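Enquirer: Quick one: the structure is below, questions incoming.
The values are calculated or read from the model by the stated rules, or taken from the named source; none is laboratory data. Everything numeric in this text was worked out from a predicted model, so none of it was measured. Every residue, glycine among them, receives a Cβ derived from its backbone with ideal geometry; neighbour counts consider all protein chains shown. Note: areas computed on protein heavy atoms with side chains; ligands, DNA, RNA excluded. Shrake-Rupley method; radii C 1.70, N 1.55, O 1.52, S 1.80 Å.
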Amino acid sequence: MNDQNYAKTRIPVDIAFDISMLAIIVPVLAANLILLVLSFHCPACEILITVVWYAGILALFLQDRTEVEFTHGIIIVHRHFLGPVVLNRKDIIRTFIRKNKLYAYRRFMYLLMLLSLGYLAYDAFYDILIQYQMRTIPAEVIINHTFSAFLILFLFLVLFFNIRTRLSLPFSLRVETNASKFIFYLDRPDEFERIITDSKMGTD
């Protein structure tokens with residue numbers, strides 16, 4: 001197997017000391033604080049607050065869809081909103097395959113997440129039903145409340161899909177450099193490790 005087998009392949013990657021989540025969450029919080037202040041004079045800003053939250057959660061979902069690309073001597077982790085992370089294989093000091101401790105409990109965790117999603121969906125629909133029965137409430141308030149009711153459910157769906165890949169694999173590959181640590185989640189971590197090791201030896 002050569003580098004081309006992993007040419008820009010979608011592989012979930014966890015990076016130690018990664019600020020990508022903060023780079024999404026902080027602007028979302030800042031925008032919501034501004035909109036919250038403006039909402040006292042602009043009722044439409046209340047709807048924008050909900051929209052911003054949905055956009056932020058969607059950004060977290062897309063940010064986790066990382067792609068790994070191999071070129072001569074480097075590994076590039078591509079992300080949607082921030083610049084790529086470049087890992088020079090000369091800088092790698094250690095690679096090892098580690099057992100995924102959560103893999104043995106994946107079915108229980110799947111069940112727990114599905115039950116949580118079911119409860120949140122029921123609670124959202126029930127809350128919306130109560131709001132619709134109160135005919136004195138303006139339509140725009142009901143619409144905003146409807147989208148707000150599904151916000152937590154949407155967040156849990158994103159978390160479910162982000163965690164699912166990590167739970168479904170019995171092993172992962174940990175790659176360490178002096179600057180950071182990377183955990184790659186893929187089906188064949190041994191082949192991935194061999195590519196990194198062989199190419200590193202070739203560049204030394």
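Enquirer: Working only within region 60-84, note down all residues that are open to solvent by less than 30 Å² (accessible area, probe 1.4 Å) and either in a strand (DSSP E or B) or not hydroxyl-bearing (Ser, Thr, Tyr) (or both).
Expert: GLN63, ASP64, VAL68, PHE70, GLY73, ILE75, ILE76, VAL77
Enquirer: Which ones in region 149-167 are touching a residue at least 60 places away in the same chain (Cβ under 8 Å) and either not hydrophobic (A, V, I, L, M, F, W, C) or not in a helix (DSSP H, G or I) (or both)?
Expert: ASN162, THR165, ARG166
Enquirer: Moving to a separate point now. Taking the options TYR105, TYR54, TYR119, TYR110, name whichever one is assigned to a helix (DSSP H, G or I), open to solvent by 50 Å² or more (accessible area, probe 1.4 Å), of a type in the set (Ser, Thr, Tyr) and touching a helix residue (DSSP H, G or I) at 6+ places or on another chain (Cβ under 7 Å).
Expert: None of the other options fit; the residue is TYR54.
Enquirer: State yes or no: is ILE92 farther than 30 Å from ILE195 by Cα and surrounded by 15 or more Cβ atoms within 10 Å (Cβ to Cβ)?
Expert: no
Enquirer: Checking the structure you have, find out if any residue of region 59-73 is of a type in the set (Asp, Glu), farther than 30 Å from LYS8 by Cβ, out of contact with any Asp or Glu (no Cβ under 6 Å at 6 or more places or on another chain) and in contact (Cβ under 8 Å) with a residue 12 or more places away in the chain.
Expert: no
Enquirer: Scan region 142-180 residue by residue and report those that are under 19 Å from VAL86 (Cα atoms) and exposed (fewer than 14 other Cβ atoms within 10 Å of the Cβ).
Expert: Hits for region 142-180 are ASN178, ALA179.
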